[in-house]
Amino acid sequence: MNPSIRKFDPDREFLIPEGCHIMELLNSPHDPDASLARARVPSGVTTRWHRLSGIVERYVILEGAGVVEVGDLPATAVGPGDVVWIPPMCRQRIHNPGPADLVFLAVCTPRYTDGAYEDMEGRRKA
């Protein structure tokens, strides 16, 4: 893969059935080792319980306030600078109790693919 620079484009953001908005910043079969996405959870929204098969995910909280539930850990408040580490097949969801959007980076290794996503509330990702 040749060097590249991808400019931030807010028009690339899309809403997923889980309840948050995603903008894939880097996700390519030419770079299978990792992917990077920006997630935005609006005020009052709780994402659906889900898990990823074969993928480690990290949330790097950038803006706002959240309450994350991962595996059997107690619900934990998170804010800017906090990092959440989520092993493969670990159930997860995040809630935004604050007045502003909760924004975080989702770093996946290996890269995220739709086939790895499992909605634990009965639906697969569209």
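The values are calculated or read from the model by the stated rules, or taken from the named source; none is laboratory data. Keep in mind that what you see is a predicted model, and the values were worked out from it rather than measured. For neighbour counting, all protein chains shown are included, and Cβ atoms are generated from backbone atoms with ideal geometry for every residue, glycine included.
Of all the listed residues (63, 57, 121), the sole one being modelled with pLDDT of 95 or more and more than 13 Å from the chain's Cα centre (by Cα) is 63.
Which of the residues spanning region 1-54 are among the charged types (D, E, K, R), part of a loop (DSSP other than H, G, I, E, B) and farther than 22 Å from residue 75 by Cα? Matches in region 1-54: 6, 7, 9, 13, 31, 33. Residues that are in contact (Cβ under 8 Å) with a residue 24 or more places away in the chain, exposed (fewer than 15 other Cβ atoms within 10 Å of the Cβ), among the aromatic types (Phe, Trp, Tyr) and not in a loop (DSSP other than H, G, I, E, B) do not occur anywhere in region 55-64.
Filtering region 101-126 to residues that are in contact with a strand residue (DSSP E or B) (Cβ under 7 Å, 6 or more places away or on another chain) and of a type in the set (A, V, I, L, M) leaves 102, 103, 105, 106, 107, 116, 120.
Only one of the numbered conditions (1) acidic (Asp, Glu); (2) closer than 14 Å to residue 108 by Cα; (3) buried (at least 16 other Cβ atoms within 10 Å of the Cβ); (4) modelled with pLDDT under 95 is not met by residue 18, and that is (2).
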